[in-house]
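A quick write-up on the structure given underneath.
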Amino acid sequence: MMLAPDVEAIIEGRHHDPFAVLGPHDLDIRAWLPQAAEASLVIGESAVKMECIHPSGFYLAIVDEQPAHYRIRIKLYSGESLEFEDPYRFPPLLTSFELHLHGEGTNHEAYRTLGAHPVTSQDVPGVRFAVWAPNAQVVSVLGDFNGWDRTRHPMRLRDGGIWEIFIPALEEGAHYKYSVLSKHGTEQFKCDPYGFYAEIPPKTASIVWGLSNYTWADETWMTARPQRQWLHEAVSIYEVHLESWMRGPENRLLTYQEFAHNLVEYAKQMGYTHIELMPVMEHPFSGSWGYQVTGYFAPTSRFGTPDDFRYFVDRCHQAGIGVILDWVPAHFPRDAHGLYRFDGTALFEHEDPREGEHRDWGTLIFNFGRNEVREFLLSNALFWLKEFHIDGLRVDAVASMLYRDYSRQPGEWLPNKFGGRENLEAIDFIRTRNRAR
């Protein structure tokens, strides 16, 4: 049963369960269409006019029987007509098993579950969005496809605090963020923690990007790699910060494709066996050299697309050069669009600054004792190794992870359960990471 308060809550973007209000329900179909001057249901060859039951644009249609399939046709105030699938007629796509693994912290490829993924549901192509925000009141997807209107695509809450929605007809390249309304009524616009691509800083939106666009040509390297005995071979590593290694005319940043030729050629000529890249994960401030990460699953867009970065790694391997990435699981910055208090609470970090803050760096420490946080970091490490063929990770700031009193005065840190200074959860995380495959 739909009540007036439900309609008002949808219109104001504060309804906790939008699928209970929108979409098909018994013999009526409901839609929130603030952009529409008129609306109709398209069922086969027929059209059923929808009644506007709220002047802001909430529409209702009564049907004789629930159709297996329908579309919505609207007339915009500009006079233009549009026809599209209703996202609120589609079922949940994540399985109960995937949700269980997430809560358990054992899905080491969580990036395939969470984030934005081009998929097909009921023969309709689109994008499935999923984000972890267990303490949020409402989470919505907003982007260039809905006028950045947080009320248009509120998500469905699943077990374990994961919010999910399938938006039909959306394609790769769409820009988006999550609107996260906390239980205290504060609203934040967050980039996707599992986003694979992002806008060029200082812009901060995530960009829909698939995982399987690139065709690799490094079979020889990848086949031989497991048999290599690096501990018994000469190794010479060239550490590089891409943004400052070389510039083009008029101080132009080079691209991954350009690095794939001139940097690889230089390293080859100089006899290096490996290139170690200072963090290429998306980060807002170039002066940090990449060590304050906001997009853990996204190669920085400063130099091109994720597939351009794959091309760089591919060319390295074809030239017989391994690629190592600096990886930063020790801490993350306070930038408002990032992980900081993601759902209005200390979700990825600790609430108590004596456990969760690096005052020297102005950054926050991951809560290694939380299942979902360990899963985020473990799946991120494997993501770079599997999806980008990276040969190794150099873990940054390990000492700051291992000791609770790192760079702290007495009274500024909390001992572990045994009264010691060791960060037991971080130690366990590192051990688990070293075993993960």
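Restricting the GluC sites (Glu not before Pro) of the stretch 168-254 to loop positions (DSSP other than H, G, I, E, B) with no more than 12 neighbouring Cβ atoms within 10 Å leaves GLU171, GLU233. Of the chymotrypsin sites (Phe, Trp or Tyr not before Pro) found in the stretch 386-423, the ones in coil according to DSSP and having at most 16 other Cβ atoms within 10 Å of their Cβ are PHE418.
Which of rounded, prolate or oblate describes the stretch 63-131 when judged by the alpha-carbon gyration tensor and an a/c cut-off of 1.5? Walk me through the numbers on the way to the answer.
Values: a/c = 3.52, a/b = 2.10, b/c = 1.68.
The shape class here is prolate.
Report in % the part of the accessible area of the chain that belongs to carbon and sulfur, leaving out ligands and nucleic acids; probe 1.4 Å. About 51 percent, which is the carbon plus sulfur part of the accessible surface.
Take the alpha carbon gyration tensor of the stretch 278-330, find the square roots of its eigenvalues, order them as a ≥ b ≥ c, and report rounded if a/c is under 1.5; if not, report prolate when a/b exceeds b/c, else oblate. It comes out prolate by the Cα gyration axes. For the stretch 328-419, the C-alpha radius of gyration divided by 2.2 N^0.38 Å, with N the number of residues, is 1.15.
Amide H contacts of THR363: HIS358, each under 5 Å away and 5 or more positions distant or on a separate chain (H built 1.01 Å from N in the peptide plane; Pro and chain starts excluded). Which of GLN269, GLN229, GLN137 moves the most in a Gaussian network model of the chain with Cα springs under 10 Å? Taking springs between Cα atoms under 10 Å, the residue moving most is GLN229. Taking the centroid of alpha carbons for each part, the stretch 308-346 and the stretch 219-242 are 20 Å apart. Over the stretch 1-107, Cα pairs under 8 Å with separation of 6+ residues give a relative contact order of 22 percent. Evaluated over the Cα positions of the chain, the convex hull gives a direction-averaged projected area, one quarter of its surface, of 25.3 nm². Only DSSP H runs of four or more residues enter the estimate; each adds -39500 (n - 2.57), and after division by the residues of the chain the mean residue ellipticity at 222 nm equals -6000 deg cm²/dmol. Once all protein chains are placed together, ILE237 keeps about 80 Å² accessible to a 1.4 angstrom probe. Cross-link partners of LYS417 among aspartates and glutamates, defined as those whose alpha carbon lies under 20 angstrom from its own and excluding same-chain residues fewer than eight positions apart: GLU349, GLU351, ASP352, GLU355, GLU357, ASP405, GLU425, ASP428.
For ARG421, project a label point 7 Å along Cα to C-beta. Then give me every residue of the stretch 348-368 with its amide nitrogen under 18 Å of that point. Zone members listed by number: 354-360.
For a modelled paramagnetic label at ASP144, 7 Å from Cα along Cα-to-Cβ, the residues of the stretch 199-236 in reach, with backbone nitrogen under 16 Å, are 199-210. Distance distribution P(r), the stretch 84-209, all Cα-Cα pairs, bin width 5 angstrom from 0: 2, 11, 22, 25, 21, 14, 5, 0 percent.
Once you sort the root eigenvalues of the Cα gyration tensor of the stretch 181-266 as a ≥ b ≥ c, which label holds: rounded (a/c under 1.5), prolate (a/b larger than b/c) or oblate (the other case)? Working shown, then result.
Details: a/c = 2.34, a/b = 1.59, b/c = 1.47.
Since a/c reaches 1.5 and a/b is larger than b/c, the shape of the stretch 181-266 is classed as prolate.
Relative contact order for the stretch 103-252: 19 percent, from Cα pairs under 8 Å spaced at least 6 residues apart, divided by residue count. Solvent-accessible surface (1.4 Å probe) assigned to LEU170 amounts to roughly 30 Å².
Taking Cα centre as origin and charging only the Cβ of basic (Lys, Arg, +1) and acidic (Asp, Glu, -1) residues, the dipole magnitude of the stretch 326-375 rounds to 40 debye.
Given the convex hull of the Cα atoms of the stretch 1-124, what is a quarter of its surface area in nm²?
On the way: hull surface 38.5 nm².
For the stretch 1-124, the mean projected area of the Cα convex hull comes to 9.6 nm².
Binning the C-alpha pair distances of the stretch 288-385 at 5 Å intervals from 0 yields a P(r) profile of 3, 11, 19, 23, 17, 12, 8, 5, 2, 0 %, listed from the shortest bin outward.
In this structure, GLN318 and ALA4 have a Cβ-Cβ separation that, at R0 = 56 Å, corresponds to a calculated FRET efficiency of about 0.30. Listed by chain and number, the lysines placed with their C-alpha closer than 16 angstrom to that of LYS49 are LYS75; residues fewer than eight positions away on the same chain are left out. For TRP327, the shell of other residues with beta-carbons less than 13 Å away shows a net charge of -2, using +1 for Lys and Arg and -1 for Asp and Glu. Residues whose amide H comes within less than 5 Å of that of ARG394, counting only those at least five positions distant or on another chain, are LEU325, ASP326, TRP327 (H built at 1.01 Å from N in the peptide plane). With Cα atoms as the point set, the radius of gyration and Dmax of the stretch 372-429 evaluate to 14.6, 44 Å. Solvent-accessible surface of the chain, taken per residue with a 1.4 Å probe and all protein chains present: 44 Å².
Of the whole protein surface, VAL21 contributes about 0 Å² of accessible area at a 1.4 Å probe radius. Bridgeable lysines around LYS203 (alpha carbons under 29 Å apart, same-chain partners fewer than 8 residues away excluded): LYS177, LYS183, LYS190, LYS386. Rounded to whole numbers, the Karplus 3J(HN,Hα) couplings from phi for the stretch 227-242 are 8, 5, 10, 4, 5, 10, 10, 5, 10, 9, 10, 9, 7, 9, 9, 4 Hz, using 6.51 cos²θ - 1.76 cosθ + 1.60 with θ = phi - 60°, and x at Gly and Pro.
With 20 Å as the cut-off, how large is the P(r) tail for the stretch 230-358, expressed as percent of Cα-Cα pairs? Value for the stretch 230-358: 51 percent of Cα pairs lie more than 20 Å apart.
The values are calculated or read from the model by the stated rules, or taken from the named source; none is laboratory data. Please read all numbers here as calculations on a predicted model, not as lab measurements. Note: ideal-geometry Cβ built from the backbone for every residue, glycine included; neighbour counts use all protein chains shown. These accessible areas exclude ligands, DNA and RNA; they are computed on the full protein's heavy atoms, side chains included. Shrake-Rupley method; radii C 1.70, N 1.55, O 1.52, S 1.80 Å.
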